[in-house]
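Handing you this structure, nothing more for now.
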Amino acid sequence: MTVAAGPPTRDAGSENFPVASLLLAPALRPKVLGFYRFVRTADDIADAPDLAAEEKLARLDALGRALDDPATDEPAARPIHDSGCGTSEARAMLAAFRQDATQRRYADWAALEAYCAASANPVGRMLVRLHGTAAPGAEAAADALCTALQVLNHLQDLGPDRANLDRIYLPVSWMALAGGEEAFFEPANAAPRRAVLDAALDRVEERLDAAAALPRLVGSWRLAMESRVTIALARRLLARLRAADPVAGRVALRRPDFARAFAASPFAGPSDAALVRARVAAAGSSFAKGMSALRGDRRRALWAVYAFCRAVDDIADGAMPEAEKRRFLADWRAKLERPDCALSRELARARDRYALPAEECEAMIAGMETDAAPRLRIADAAALDQYCRRVAGSVGAMAVRIFGAPEAAGFGLALGRTLQLVNILRDMDEDATRDRVYLPLDLLAAQGVADGDAARMMAAPGTAAAAQALAAEAAAGFARAEEELRAFDTPALLPARIMMWGYRRIFDRLVARGFGPPRARPRLTAGEKARMAAYALRLAPVAAR
């Protein structure tokens, strides 16, 4: 007699992602499907809305005993015994289903990852083991993929899980940033909810980047194809969840998504370099025009540095608790030592080829740890110098080495500081919404502006004069940079000139606009962007030398 809660709620063909598709070897598909039957039975028990927690646990315990009994006639366990496939992984997943029977909320991302390690990662490990030889790192890449798939499923089903099971996998501490659980699910609270969802999707994307090497690491070409399909579908669902609100309505993959993924499966998936290039393109930064002046390996290296800076900046700015930000930034310190994803591997490659000091990457992370605080104030000029040195000087110091002008490290540091001052002056009001004030407190105090509410500080009469003082520093910095560029007289620094040109246009508009409210954000015109692009194309063959 079966312990199942009823007929299966799904079959292998109705899951989000491939389960024993025809890409797998015919001899292995029944083994995978037998494992799937056990997992589906256990999952349906844990999710049964009409069973009490005690009854769910009793049935899951019965499944556990069936796994231990080679003579069992339990329909869900019998295929595993017959095939000899997946017993240890099934036991691991039973622990997660027992957790589902009793736990309805998760405190933080680490708790969610721990759940995924039991509820999803064993599937990937079983498939890798079933297919035989795999290179070192395959299991870790499979874990990353399975965690990403599980979190995508959770985010996709936020509404139904809450309504039908009173279960929410998005951590409580994250929902608190949108006003708490009730506020998070309010239809009118779309903007705060969107910020939290995007931060969660950033973590999923990081796991998918860690999974990107899986098709290259598994020993089976069939499993490699299945992996490529799964990763492609995961990235497509990720994009859909970024574009639509899963609380407002179901966000799902469509038949054409599956068709495209399977059609592409025989071909190599995107390389690490291609994944980083896509990140840079999606960011749409004004720096991209300067980067486009480079060609070949130098451009690839600069993309890696930029994408790294953007990744840690997104962590610092993301709608997640401070403790989570600090943990993810600490993870990046570990990635500098042991690259484990497409971006960290590309960054390691750039560091090796262009002798980029690890200390500069560390400095950037330290600067983002400053930004990770829920409230930020800069005490004085020395603190501002330290902050700019970390978040901008580090970029300049690495960039000039990639350009081919390591002797210009001092120029890169100084230019980085100048450009960061422009960022601070441009983003005063936006930063205030995050309770960040980068104008030094002693400079503000000299103009009669006391520390307090960030928005009120930005509205105070003396703030414009304090900002004007920083603008004078930026103007002097641009003038020094122009002199130094003439002194260096090297084509290698032409990308820096393009970046300077764009920033100088923005700075001139800031000065012309003034620094008192209202402060409209200045932007480059379409014509100016086109001019930068044309200049970059004209200089690219020279800058690539």
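If you check every pair at least six apart or on different chains, which have Cβ atoms under 6 Å apart with a residue in the range 14-29 that is over 20 Å from Ala264 (Cβ atoms) first and a residue that is assigned to a loop (DSSP other than H, G, I, E, B) second?
From the range 14-29, the pairs are Arg29/Ala20.
Out of the range 343-369, which residues are closer than 28 Å to Arg194 by Cα and out of contact with any Ser or Thr (no Cβ under 8 Å at 6 or more places or on another chain)?
Within the range 343-369, the first condition is being closer than 28 Å to Arg194 by Cα, and the residues that meet it are 343-344, 364-369.
Leu343, Ser344, Ile365, Ala366, Met368, Glu369 - these are the residues of the range 343-369 that are closer than 28 Å to Arg194 by Cα and out of contact with any Ser or Thr (no Cβ under 8 Å at 6 or more places or on another chain).
Is it the case that the range 217-228 has a residue that's assigned to a loop (DSSP other than H, G, I, E, B), crowded, with 19+ Cβ neighbours inside 10 Å, in contact with a Leu (Cβ under 9 Å, 6 or more places away or on another chain) and not basic (Lys, Arg)? Let's see the steps before the verdict.
We begin by selecting, within the range 217-228, every residue assigned to a loop (DSSP other than H, G, I, E, B); these are 219-220.
Right, trim to crowded, with 19+ Cβ neighbours inside 10 Å and you get 220.
Among the residues that remain, those that are also in contact with a Leu (Cβ under 9 Å, 6 or more places away or on another chain) are: 220.
Remaining after also requiring not basic (Lys, Arg): 220.
For the range 217-228, residues assigned to a loop (DSSP other than H, G, I, E, B), crowded, with 19+ Cβ neighbours inside 10 Å, in contact with a Leu (Cβ under 9 Å, 6 or more places away or on another chain) and not basic (Lys, Arg): present.
Checking the condition more than 23 Å from the chain's Cα centre (by Cα) and either on the phi < 0 side of the Ramachandran plot or not β-branched (Val, Ile, Thr) (or both), which residue from Ala263, Ala239 passes?
Numbers: Ala239 fails: more than 23 Å from the chain's Cα centre (by Cα).
Result of the check over Ala263, Ala239: Ala263.
Right, another one. Anything in the range 11-31 that is over 33 Å from the mean Cα position of the chain (by Cα) and in a helix (DSSP H, G or I)? List them, or say none.
Initial filter on the range 11-31 (over 33 Å from the mean Cα position of the chain (by Cα)): 25-31.
Within the range 11-31, Arg29, Pro30, Lys31 qualify.
May I ask you to verify whether Asp435 is crowded, with 19+ Cβ neighbours inside 10 Å, of a type in the set (D, E, K, R) and under 28 Å from the mean Cα position of the chain (by Cα)? Outline the logic, then answer.
Details: crowded, with 19+ Cβ neighbours inside 10 Å: no; of a type in the set (D, E, K, R): yes; under 28 Å from the mean Cα position of the chain (by Cα): yes.
Taking the combined requirement at face value, the residue does not satisfy it.
Please name all residue pairs, on different chains or six or more residues apart, with Cβ atoms under 7 Å, provided the first residue is in the range 441-460 and is closer than 15 Å to Met428 by Cα and the second residue is among the polar types (S, T, N, Q) and in a helix (DSSP H, G or I).
Leu444/Thr463; Val449/Thr463; Met457/Thr463
Among the listed residues Ala234, Ala274, which satisfies the condition of being buried (at least 22 other Cβ atoms within 10 Å of the Cβ) and among the small types (Gly, Ala, Ser)? Working first, answer last.
Details: Ala274 fails: buried (at least 22 other Cβ atoms within 10 Å of the Cβ).
Being buried (at least 22 other Cβ atoms within 10 Å of the Cβ) and among the small types (Gly, Ala, Ser) holds for just one of Ala234, Ala274, which is Ala234.
Check the range 63-71 and report whether any residue there is small (Gly, Ala, Ser), buried (at least 18 other Cβ atoms within 10 Å of the Cβ) and closer than 22 Å to Leu112 by Cβ.
There is no residue in the range 63-71 that is small (Gly, Ala, Ser), buried (at least 18 other Cβ atoms within 10 Å of the Cβ) and closer than 22 Å to Leu112 by Cβ.
Check the range 46-56 and report whether any residue there is within 31 Å of the chain's Cα centre (by Cα) and either in contact (Cβ under 8 Å) with a residue 60 or more places away in the chain or assigned to a helix (DSSP H, G or I) (or both).
Initially, the range 46-56 is screened for residues within 31 Å of the chain's Cα centre (by Cα), giving 46-47.
If we keep only those that are either in contact (Cβ under 8 Å) with a residue 60 or more places away in the chain or assigned to a helix (DSSP H, G or I) (or both) too, we end up with 46-47.
Yes.
Shifting gears a bit: Looking at this structure, is Ala311 out of contact with any Pro (no Cβ under 6 Å at 6 or more places or on another chain) and not polar (S, T, N, Q)?
Working: out of contact with any Pro (no Cβ under 6 Å at 6 or more places or on another chain): yes; not polar (S, T, N, Q): yes.
Spelling it out, Ala311 is indeed out of contact with any Pro (no Cβ under 6 Å at 6 or more places or on another chain) and not polar (S, T, N, Q).
Conditions tested, residue by residue: (1) farther than 26 Å from Arg504 by Cα; (2) among the small types (Gly, Ala, Ser).
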{"residue": "Arg279", "(1), (2)": "no, no"}
{"residue": "Ile315", "(1), (2)": "yes, no"}
{"residue": "Ala342", "(1), (2)": "yes, yes"}
{"residue": "Arg353", "(1), (2)": "yes, no"}
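In contact with a helix residue (DSSP H, G or I) (Cβ under 7 Å, 6 or more places away or on another chain), surrounded by fewer than 23 Cβ atoms within 10 Å (Cβ to Cβ) and outside the structural domain of Gly318 (by TED's automatic domain parsing): is that true of Pro187 in this structure? So that I can check it myself, show each step before the final result.
Details: in contact with a helix residue (DSSP H, G or I) (Cβ under 7 Å, 6 or more places away or on another chain): no; surrounded by fewer than 23 Cβ atoms within 10 Å (Cβ to Cβ): yes; outside the structural domain of Gly318 (by TED's automatic domain parsing): yes.
For Pro187, the condition - in contact with a helix residue (DSSP H, G or I) (Cβ under 7 Å, 6 or more places away or on another chain), surrounded by fewer than 23 Cβ atoms within 10 Å (Cβ to Cβ) and outside the structural domain of Gly318 (by TED's automatic domain parsing) - is not met.
Test Gly34 against the criterion of being assigned by TED's automatic domain parsing to the domain that holds Arg10, in contact with a Cys (Cβ under 8 Å, 6 or more places away or on another chain) and assigned to a helix (DSSP H, G or I), and give yes or no. I'd like the intermediate steps shown before the answer.
Numbers: assigned by TED's automatic domain parsing to the domain that holds Arg10: yes; in contact with a Cys (Cβ under 8 Å, 6 or more places away or on another chain): yes; assigned to a helix (DSSP H, G or I): yes.
So Gly34 fits the description; yes.
The values are calculated or read from the model by the stated rules, or taken from the named source; none is laboratory data. Nothing here was measured: the structure is a model prediction, and the numbers come from that model. Note that each Cβ is placed from the backbone with ideal geometry, even for glycine, and that neighbours are counted across all protein chains shown.
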